[in-house]
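The values are calculated or read from the model by the stated rules, or taken from the named source; none is laboratory data. Bear in mind the structure is a predicted one, so any value in this text is a computation, not a measurement. No Cβ is skipped: glycine too gets one built from the backbone with ideal geometry, and neighbour counts run over all protein chains shown. What goes into the accessible areas is simple: the full protein's heavy atoms, side chains included, and nothing from ligands, DNA or RNA. Shrake-Rupley method; radii C 1.70, N 1.55, O 1.52, S 1.80 Å.
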Amino acid sequence: MSNRMFPHIMEAHMNEGKAKVLSDSEFKRLIRITATERHAKRNVALLMMSYGLGLRVAELSTLIIGDVMTDDGSIKDHFQITRINSKNNKNREVFLSNPKVCKAINEYLSERRQNDSIAMTSGSALFRSQKGSNFTAHSLQMTMKAIYRRAGMDETVSSHSGRRTF
């Protein structure tokens, strides 16, 4: 059988299991809806870091405040995903040059400073669950799935869509 005779079969096979890449309008809708919900600042920061920096959920779940913020409270220019937290077992430099990503991180950390009963230190988890515990990669993946579902995204959108869109 030739693939030229059945191009839809080849196309379906190549897209199988791949997370959807969002259009600009879909991403804007996702952010707009997420910004009105509970834990809005945290969830917008998560989405912005996923889509704006191409980070995986496993990488997002291991970030600490000191990765993105200096001792004086400003956002760093860059940070490193260490090889133990990387899929390819290699260190990877992440640049915080996107102003929208930096703004989302700043707004989230400002809200955390005001509302967090636990002292924020550079070694504290950057993203915490609603119960105040650290996210695991799986719990963060489920959180992102719920965010997409509430925004009316279809089943092909997943926590890896941010990385693919990036």
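Of note:
- Taking amide H positions as modeled 1.01 Å from N, with prolines and chain starts lacking one, the residues under 5 Å from residue 64 and 5 or more places away or on another chain are 126.
- In sequence order, calculated HN-Hα J values of the range 134-139 (Karplus, 6.51, -1.76, 1.60; Hz; x Gly/Pro): 5, 6, 8, 4, 5, 5
- Mean accessible surface per residue for the range 85-159, computed with a 1.4 Å probe while every protein chain stays in place, in Å²: 62
- FRET E, pair residue 77, residue 23, Förster distance 22 Å, beta-carbon r, rounded to 0.05: 0.15
- Surface calculation, 1.4 Å probe, protein heavy atoms: residue 160 sits at approximately 80 Å² accessible.
- Computed from backbone phi with θ = phi - 60° and the Karplus coefficients 6.51, -1.76 and 1.60, the 3J(HN,Hα) list for the range 92-105 is 9, 7, 10, 9, 9, 9, 7, x, 5, 5, 4, 4, 5, 5 Hz; x is used for glycine and proline.
- Alpha-carbon gyration tensor eigenvalues x 5, square-rooted, for the range 43-86, Å: 17, 14, 9
- The distance between label points at residue 64 and residue 38 comes to 3.0 nm (points 7 Å beyond Cα on the Cα→Cβ vector).
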